[in-house]
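For reference, the structure discussed in these notes is given below.
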């Protein structure tokens, strides 16, 4: 820095401090005539405006997004058309894949580089990882073609000094530099061939193999990354923790396996008549029209559940449109159960539509005998609650003990542990959770790698609603709050808006991603009321279905629909690690008035929901606005004339807000 400039800046800073220190701050009056606190009298942190990145503000200026939280008139997103083929050798556990991809650049930008994610490189030695990971060699990419021309690997120096076309593999990304840029509005064709050894617990337990009788394959093909209107290319490395951000594309998928294996994958199952035996095919068709569970292939029928084949192999075909990703399962000793479940009026013709439910599980998972029923309830309930019917031809759950303990979601597919030790209630919960992900992030395609709290927070919230509906006497809000309150307001906690892979070691990532954002949604509902919250909730889905919302789109949509300025709410809950702690410190009579003294001991400003029980049996409810706390106060004397003596006063009797101390909220 130039020394003269430094002196001028320093002098200005010193004079500014002197001016501020000598200033007299006059009291400002509230609307009721009382004085607001002066700066030196403020008793608590007051939320200041949230941080909105310049990249997002630029998107609003360009008209791709709006300040009201809707996609703008210039909104765009890039898409792809994938033809994928996979074959697994069960002897070596090798997967051999090939694909052709047509990538459409709907952006206004010419693209000199194309970024492709290869998540399997997490399992390559030397690739950055957050935790201990099985080393299988990662993905061997043997062919990359662009518009029919084969590319060779190059170094960054060759790219810089010679402007050579080619590709560079760096961690879990491939950077492809084509001979010519992909112009705005244009398309580019790609071909890939690759292979990898399937890990036992791949992608940190999100895919893999188990007991030589099960494969669940996800994150397995070269996937062109998201290029969006806010940040451009999404090339953050996959480190094994924070998940994924995918564009919407159309897919055809073929999977070749030895004849005895049953395969199910993302998309419409195109050739059941070419792969299933007559008995299995008959039951498969029956299940598609049945409201009761049908055993499509039982444990003792699996050896002849598929058609015979001269080659000893069968190829299974699937097709899907406008989805984020593709996964598939191959099972050798799993019972196959199926049925249909209603999802509402998907097509708008006034008739109830249905989707297929599939459940694959092994004899070692007896609790799974009810899993298909759990899935049926979850899909039907969530279609109604979210007000968006499940849009796809099937939802398949695969028991995958030894690959995963919890569950992992993909479009139309999920893998879940056996839950033998956790029990049936927990198995229902994880089923509802993974299936709730079909909306977040499979329909509202959020950036999970940076903002895990969006898809996981909404999903935990939806899971709790499904739990309450299925087990009405067993679950309430505290089942969500408890996970957050265990570290709320402590040094272990991290801000929800912190990028997901950069949380402090320990519980910070999990709490900020799962129970805290779900708790905050419950609190938001407590503020807005059930009806307005549902309106907001449904409008967010309607605006951003099959698009890419960022956090500020969510905040802006909620404010736009509710008509409320909630900037204080976003700052206090999402950007800080403040805690809520409202207390009743005293109740007494002053003439004809009852005085309730409320202390706000935490730093999160929230309205106070009071329930006053009277000696005559009446119950009075009052709400004290958060505005009083936003003025800098910590203590409020609430005065009210009552027809009878107060015998009990309680804050938040409906348990809408995650308060860290339930013991100081009741006076009696």
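If I filter region 343-358 down to residues being under 24 Å from the mean Cα position of the chain (by Cα) and free of Cβ contacts under 8 Å to residues at least 60 places away in the same chain, which single residue comes out as nearest to residue 373 (Cα to Cα)?
Within region 343-358, the subset under 24 Å from the mean Cα position of the chain (by Cα) is 343-344, 346, 355-358.
The next check asks that each one be free of Cβ contacts under 8 Å to residues at least 60 places away in the same chain; those that pass are 343-344, 346, 355, 357.
Numbers: 343: 14, 344: 18, 346: 21, 355: 13, 357: 9 Å.
Of everything passing the filter in region 343-358, 357 is nearest to residue 373 (Cα to Cα).
What do you reckon, is residue 561 modelled with pLDDT of 95 or more and closer than 19 Å to residue 536 by Cα? Even if it seems obvious, please write down each step before you answer.
Values: modelled with pLDDT of 95 or more: yes; closer than 19 Å to residue 536 by Cα: yes.
So residue 561 passes the test.
The single condition among (1) in contact (Cβ under 8 Å) with a residue 12 or more places away in the chain; (2) part of a loop (DSSP other than H, G, I, E, B); (3) out of contact with any helix residue (DSSP H, G or I) (no Cβ under 6 Å at 6 or more places or on another chain) that residue 422 does not satisfy is (1). Filtering region 521-532 for residues that are out of contact with any strand residue (DSSP E or B) (no Cβ under 6 Å at 6 or more places or on another chain), outside the structural domain of residue 606 (by TED's automatic domain parsing) and either over 22 Å from residue 652 (Cα atoms) or not in a helix (DSSP H, G or I) (or both) leaves a non-empty set.
Filter region 150-169 down to residues that are surrounded by 12 or more Cβ atoms within 10 Å (Cβ to Cβ) and on the phi < 0 side of the Ramachandran plot, then give me how many there are.
Keep residues of region 150-169 that are surrounded by 12 or more Cβ atoms within 10 Å (Cβ to Cβ), which gives 151, 153-155, 158-159, 164-169.
Filter once more, keeping what is on the phi < 0 side of the Ramachandran plot: 151, 153-155, 158-159, 164-165, 167-169.
Residues that pass the stated criteria total 11.
Taken over region 52-80, the residue count meeting the criterion of being in a loop (DSSP other than H, G, I, E, B), within 24 Å of the chain's Cα centre (by Cα) and under 30 Å from residue 189 (Cα atoms) is 6. Of the residues contained in region 125-140, none is found to be over 28 Å from the mean Cα position of the chain (by Cα), buried (at least 17 other Cβ atoms within 10 Å of the Cβ) and over 24 Å from residue 238 (Cα atoms).
Quick grid of which residues meet (1) surrounded by 23 or more Cβ atoms within 10 Å (Cβ to Cβ); (2) at pLDDT below 95; (3) farther than 25 Å from residue 359 by Cβ:
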| position | (1), (2), (3) |
| --- | --- |
| 173 | no, no, yes |
| 183 | no, no, yes |
| 214 | yes, no, no |
| 221 | yes, no, yes |
| 234 | no, no, yes |
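Scanning region 587-597 for residues that are exposed (fewer than 12 other Cβ atoms within 10 Å of the Cβ) and in a strand (DSSP E or B) yields 588, 589, 590.
Please tell me if residue 322 is closer than 29 Å to residue 403 by Cα, touching a residue at least 60 places away in the same chain (Cβ under 8 Å) and assigned to a helix (DSSP H, G or I). Let's see the steps before the verdict.
Working: closer than 29 Å to residue 403 by Cα: yes; touching a residue at least 60 places away in the same chain (Cβ under 8 Å): yes; assigned to a helix (DSSP H, G or I): no.
It is false that residue 322 is closer than 29 Å to residue 403 by Cα, touching a residue at least 60 places away in the same chain (Cβ under 8 Å) and assigned to a helix (DSSP H, G or I).
Might you let me know whether region 613-633 holds any residue that is assigned to a loop (DSSP other than H, G, I, E, B), touching a strand residue (DSSP E or B) at 6+ places or on another chain (Cβ under 9 Å), under 29 Å from residue 464 (Cβ atoms) and in contact (Cβ under 8 Å) with a residue 24 or more places away in the chain? Yes, the conditions are met somewhere in region 613-633. When the residues of region 260-279 are filtered to those that are in contact (Cβ under 8 Å) with a residue 40 or more places away in the chain and touching a helix residue (DSSP H, G or I) at 6+ places or on another chain (Cβ under 9 Å), the one that is farthest from residue 325 (Cα to Cα) is 260. Restricting region 654-668 to residues that are out of contact with any helix residue (DSSP H, G or I) (no Cβ under 9 Å at 6 or more places or on another chain) and part of a loop (DSSP other than H, G, I, E, B), the residue that is surrounded by the fewest Cβ atoms within 10 Å (Cβ to Cβ) is 668. Taking region 612-626 as the range and being surrounded by 13 or more Cβ atoms within 10 Å (Cβ to Cβ) and either farther than 21 Å from residue 530 by Cα or not assigned by TED's automatic domain parsing to the domain that holds residue 602 (or both) as the test, the residues that pass are 612, 613, 614. Report whether or not residue 412 is buried (at least 20 other Cβ atoms within 10 Å of the Cβ), under 18 Å from the mean Cα position of the chain (by Cα) and at positive phi. Taking the combined requirement at face value, the residue satisfies it. From the list 289, 310, the lone residue that is assigned to a loop (DSSP other than H, G, I, E, B) and either touching a residue at least 24 places away in the same chain (Cβ under 8 Å) or crowded, with 22+ Cβ neighbours inside 10 Å (or both) is 289. Against the list (1) under 30 Å from residue 231 (Cβ atoms); (2) without any contact (Cβ under 8 Å) to a residue 12 or more places away in the chain, the condition residue 410 fails is (2).
Applying the set (1) assigned to a loop (DSSP other than H, G, I, E, B); (2) in the same structural domain as residue 462 (by TED's automatic domain parsing) to residue 602 leaves exactly one unmet item: (2). Pull up region 636-665, narrow it to residues that are under 38 Å from the mean Cα position of the chain (by Cα) and free of Cβ contacts under 8 Å to residues at least 40 places away in the same chain, then point me to the one that is nearest to residue 516 (Cα to Cα). Looking at residues that are under 38 Å from the mean Cα position of the chain (by Cα) and free of Cβ contacts under 8 Å to residues at least 40 places away in the same chain, I get 662.
From the list 456, 434, 448, which residue is in contact with a helix residue (DSSP H, G or I) (Cβ under 8 Å, 6 or more places away or on another chain), outside any loop (DSSP other than H, G, I, E, B) and within 24 Å of residue 484 (Cα to Cα)? Before you say what the answer is, go through the steps one by one.
On the way: 434 fails: in contact with a helix residue (DSSP H, G or I) (Cβ under 8 Å, 6 or more places away or on another chain); 448 fails: outside any loop (DSSP other than H, G, I, E, B).
None of the other options fit; the residue is 456.
The values are calculated or read from the model by the stated rules, or taken from the named source; none is laboratory data. Quick caveat, the model's predicted, so the values are computed rather than measured. So basically every Cβ, Gly included, is an ideal-geometry build from the backbone, and we count neighbours across all protein chains shown.
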